[in-house]
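Shown next, in structure tokens, is the structure this report addresses.
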Amino acid sequence: MPELPEVEVVRRGLERWVRGRTVADVAVLHPRAIRRHLAGPEDFAAQLRGRRLGAARRRGKYLWLPLEAETPAETPAGTPLGTAPDRAVLAHLGMSGQLLVQPHDALDEKHLRIRVRFADATGTELRFVDQRTFGGLSLHDTVPGDPDGLPDVIAHIARDPLDPAFDEDAFHAALRRRRTTVKRALLDQSLISGVGNIYADEALWRARLHYDRPTATLTRPRSAELLTHIRDVMHAALAVGGTSFDSLYVNVNGESGYFDRSLDAYGREDEPCRRCGTAMRRRPWMNRSSYFCPRCQRPPRVS
DNA sequence: CTTCGATCCTGGTAGC
DNA sequence: TGCTACCAGGATCGAA
């Protein structure tokens with residue numbers, strides 16, 4: 001399940017293998033993969049054709065590639081050079097999405113949804129493959145003046161904890177203001193982005209916090225500590241290429257990450273806590289699961 | 001306004 | 001073996 005570290009691995013792959021290339025053609029093989037592009041598949045392809053892709057960016061679990069300005073001959077007279085990009089292609093991997101750079105002659109993947117061919121002789125193409133079709137690609141206007149070309153439809157997504165501009169004071173204030181519980185808050189992408197079920201459980205285990213702890217009871221040092229654990233676990237995952245339980249998450253070259261071997265909480269029901277040896281527990285939670293140590297992570301008194 | 005549950009989707013697997 | 005039921009879960013939407 002791609003969360004921030006996995007998406008960042010993919011971003012780096014796009015930056016290396018796709019940035020600067022000009023789109024020759026786009027084939028949309030499954031309409032659901034393009035559903036966020038309201039104008040439809042034909043419009044998506046037509047708008048991308050002939051455009052050069054800029055620097056790969058990421059916020060939380062979202063990825064995007066700004067479209068570089070049209071060639072100077074087509075640029076209206078008087079347009080200053082170096083202005084912020086005004087369009088960007090946005091990608092979300094959902095639960096099972098993959099962006100793969102493949103040779104043209106590689107066999108189509110079973111769940112190939114979108115193919116992007118380029119106008120160069122590199123011999124590779126970009127493929128969006130997605131079994132469960134929660135992910136997709138789309139084209140959007142960017143937030144005016146944003147130097148990274150942030151797509152307007154994700155302007156409500158909070159900065160992520162690895163973003164140098166992440167506002168720690170605002171995060172803490174929001175936690176105190178909200179009447180919710182800590183894991184819910186971590187998964188709320190408008191408060192902090194990039195954290196999903198896996199890294200939430202990992203960070204809470206490291207911080208010795210129960211998932212149902214009301215955020216209003218967190219002191220400033222406690223929330224700062226939690227944030228540090230979130231960053232630590234994400235950096236550790238990034239260092240080994242992310243978390244792959246199966247073939248559903250891979251980098252652009254189809255390779256898995258190894259962080260699943262380092263997980264302390266997620267998926268460890270009945271296994272001993274790596275700190276105290278107590279059997280880890282799994283609890284149904286919000287249509288998914290929460291893994292925690294019943295001894296290290298005591299439930300709040302009022303629940 | 002905030003909070004919260006239902007919903008989308010498909011392949012793998014547990015259980016009978 | 002073959003069937004059913006359930007599970008994984010990010011983001012969105014509408015209800016309370």
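The values are calculated or read from the model by the stated rules, or taken from the named source; none is laboratory data. What you see is a predicted model, and the numbers here were worked out from it, not measured in a lab. Every residue, glycine among them, receives a Cβ derived from its backbone with ideal geometry; neighbour counts consider all protein chains shown.
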Specify the residue that is surrounded by the fewest Cβ atoms within 10 Å (Cβ to Cβ); the eligible residues are those in segment A:201-229 that are within 14 Å of DNA strand C (Cβ to nearest atom) and in contact (Cβ under 8 Å) with a residue 40 or more places away in the chain.
A:Y211
Could you run through segment A:35-74 and say how many residues are part of a loop (DSSP other than H, G, I, E, B), at pLDDT 95 or above and over 20 Å from A:G97 (Cα atoms)?
5
Working only within segment A:141-158, note down all residues that are more than 11 Å from DNA strand C (Cβ to nearest atom) and either touching a strand residue (DSSP E or B) at 6+ places or on another chain (Cβ under 7 Å) or not in a loop (DSSP other than H, G, I, E, B) (or both).
A:D141, A:T142, A:D148, A:G149, A:L150, A:D152
Out of (1) modelled with pLDDT under 95; (2) under 21 Å from A:R11 (Cα atoms); (3) within 15 Å of DNA strand B (Cβ to nearest atom), the one A:R178 does not meet is (2)
Identify, from the list A:P221, A:P272, the residue that is farther than 30 Å from A:A170 by Cβ and out of contact with any Cys (no Cβ under 6 Å at 6 or more places or on another chain).
A:P272
Note on segment A:4-17: residues buried (at least 21 other Cβ atoms within 10 Å of the Cβ) and either of a type in the set (A, V, I, L, M, F, W, C) or in contact with a Ser or Thr (Cβ under 8 Å, 6 or more places away or on another chain) (or both) are A:L4, A:P5, A:E6, A:V7, A:V9, A:V10, A:L14
Any chance segment A:251-270 includes a residue that's among the β-branched types (V, I, T), within 16 Å of DNA strand B (Cβ to nearest atom) and surrounded by 14 or more Cβ atoms within 10 Å (Cβ to Cβ)?
no
Among what's in segment A:254-303 and is in a helix (DSSP H, G or I) and touching a residue at least 24 places away in the same chain (Cβ under 8 Å), pick the residue that is nearest to A:E8 (Cα to Cα).
A:F259
Being among the polar types (S, T, N, Q) and within 16 Å of DNA strand B (Cβ to nearest atom) narrows A:T133, A:T122, A:T142 down to just A:T133
